[in-house]
């Protein structure tokens, strides 16, 4: 799946979701180790102990991405070097954490792609009851994801898409990427973006019809740059 994501960005996928009418499920996370990951969601709700990750790995398929729901907590780190090592041993392609990590130097040395909200030395100081759906759903920001979703992450953040729409969205993302590259090449060659999108014409048309939006104009020009 990472090969199919090659040459694309999460920004392209987010724009593809807009184009396809798919909810844009994105969160801002920072790459701790590695820069890109893509795979089916392997959800796990952290309740204070690493055993929920070990249990998740029991059913992992090679290429899955462990998606850790720690409620966005910033008072504890929930993933460290041992969890990252065990994930790699289980064939997991990476870890996405809605929470904090620790053991940054060791995680970087392991090389497994890890994305999180940040780092903190303190591990969990609690042990809460494990929900019945701890291994079937994870809430990341405002989004709840399952094994029916795919997660893709890079330097811009993380996007979740339905697995059954992935091929369609990748195709749209490639089209958006190619359009943007052509536009960038033309700017470098001296033809401004305003010229490419007939911006003066847009201003003229908007003066005649104040309800006209720039996006509507771009769609008519087949030069979408915002979606």
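Of all residues in segment 109-125, which are part of a strand (DSSP E or B) and either surrounded by 16 or more Cβ atoms within 10 Å (Cβ to Cβ) or more than 21 Å from the chain's Cα centre (by Cα) (or both)? Matches in segment 109-125: 114, 115, 116. Screening segment 1-94 for helices (runs of 4 or more DSSP H) wholly inside it with 2 or more residues that are in the same structural domain as residue 157 (by TED's automatic domain parsing) and crowded, with 20+ Cβ neighbours inside 10 Å returns the ranges 10-20, 51-58, 81-89. Annotation note: Cβ proximity below 6 Å between a residue of segment 43-69 that is without any contact (Cβ under 8 Å) to a residue 24 or more places away in the chain and a residue that is part of a helix (DSSP H, G or I) and surrounded by fewer than 24 Cβ atoms within 10 Å (Cβ to Cβ) (sequence gap 6+ or interchain) occurs for no pair.
Taken across segment 192-203, residues that are within 21 Å of residue 23 (Cα to Cα), surrounded by 16 or more Cβ atoms within 10 Å (Cβ to Cβ) and touching a residue at least 24 places away in the same chain (Cβ under 8 Å) do not occur at all. Each residue in segment 126-170 was checked for being over 15 Å from the mean Cα position of the chain (by Cα), within 17 Å of residue 71 (Cβ to Cβ) and outside any loop (DSSP other than H, G, I, E, B), and 0 of them qualify. Yes or no: segment 197-206 includes at least one residue that is on the phi < 0 side of the Ramachandran plot, in contact with a helix residue (DSSP H, G or I) (Cβ under 6 Å, 6 or more places away or on another chain) and assigned by TED's automatic domain parsing to the domain that holds residue 10. Looking for residues that are on the phi < 0 side of the Ramachandran plot, in contact with a helix residue (DSSP H, G or I) (Cβ under 6 Å, 6 or more places away or on another chain) and assigned by TED's automatic domain parsing to the domain that holds residue 10, one finds none in segment 197-206, hence no. Being out of contact with any helix residue (DSSP H, G or I) (no Cβ under 8 Å at 6 or more places or on another chain) and modelled with pLDDT under 95 is a property that residue 125 has. Taking the listed residues 132, 106, 128, the one that is out of contact with any strand residue (DSSP E or B) (no Cβ under 6 Å at 6 or more places or on another chain), in contact (Cβ under 8 Å) with a residue 12 or more places away in the chain and either crowded, with 18+ Cβ neighbours inside 10 Å or farther than 13 Å from residue 73 by Cβ (or both) is 106, with no other qualifying.
Going residue by residue through segment 176-197, is there one that turns out to be under 16 Å from the mean Cα position of the chain (by Cα) and either within 22 Å of residue 46 (Cα to Cα) or modelled with pLDDT of 95 or more (or both)? No - not one qualifying residue is present in segment 176-197. Mind listing whichever residues of segment 135-154 are more than 13 Å from residue 26 (Cα to Cα) and surrounded by fewer than 15 Cβ atoms within 10 Å (Cβ to Cβ)? If the condition is that a residue be more than 13 Å from residue 26 (Cα to Cα) and surrounded by fewer than 15 Cβ atoms within 10 Å (Cβ to Cβ), then 136, 148 are the ones that fit.
The values are calculated or read from the model by the stated rules, or taken from the named source; none is laboratory data. Keep in mind the model is a prediction, meaning the values are calculated, not measured. Virtual Cβ from ideal backbone geometry, glycine too; neighbours counted across all protein chains shown.
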